[in-house]
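A short worksheet on the structure shown next.
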Amino acid sequence: MKYFILIFIFLISCSDTSSPEDVAEAQILEILDTIIACFPFDLEGIMQNYHPDFLHNGDDYDFEEIRWDIRINDYNEIDFTDIDIELDGDFATVSFTMTFYDNEGNSFVSQEPSEENGDISDFYRDFDGWKICGKDFLEP
């Protein structure tokens, strides 16, 4: 029993040492992991990570859903590597290498954010947590 109490105290003290920045980064990484897990079978699962007021290069939420549908049809796997998260209050910009793979072993690699894509590089934190918002997002 004595050891159980010591272990319990240790676990509680460990959970209190995370900084708000560490928590925010972990939540954003969880979103990227969710996209990987949902791809290419669960478009709705991917889109649940988007803010309804998403706006990127003039494209809104509905256009982004179409973009993901095209990606799902063209590729069968996605991966994010070299991830770097920059936090700025309730906003974050995530830089990474995004790689799509097709059934024939071909790949498409993009450094994000980029002019061509970058649609999953900007995040906003609201009462529901972090959401992908696009670079042209206007805070509600």
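Only the coordinates and a few stated rules stand behind these numbers; no lab work does. Quick caveat, the model's predicted, so the values are computed rather than measured. Cβ atoms come from the backbone with ideal geometry, glycine included; neighbour counts cover every protein chain shown.
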The long-range amide H neighbours of Leu55, using H built 1.01 Å from N in the peptide plane and a cut-off of under 5 Å, are Gly134, Asp136, Phe137
Under the Karplus relation with 6.51, -1.76 and 1.60 and θ = phi - 60°, whole-Hz ³J(HN,Hα) for region 24-36, x at Gly and Pro, equal 4, 4, 5, 5, 5, 4, 5, 5, 4, 5, 5, 4, 4
Rounded to one decimal in nm, the spacing of the 7 Å Cα→Cβ label points at Asp42 and Asp84 is 3.1
Here the gain from full extension of Leu29 to Asp102, 0.36 nm per residue of separation minus their alpha-carbon distance, amounts to 23.9 nm
If the chain between Phe63 and Thr93 were fully extended at 0.36 nm per residue, the gain over the current Cα-Cα distance would be 8.7 nm
In degrees, nearest 10, the alpha-carbon axis of helix 61-74 is tilted away from the dominant principal axis of the alpha carbons of the chain by 80
For log10 I(q)/I(0) by the Debye sum over Cα atoms at q = 0.10, 0.16 Å⁻¹, with candidates [x] -0.55, -0.99; [y] -0.39, -0.83; [z] -0.35, -0.79, the value calculated from the shown model is option [y]
With 0.36 nm assigned to each residue of separation and the Cα-Cα distance removed, Val109 to Asn76 gains 10.5 nm
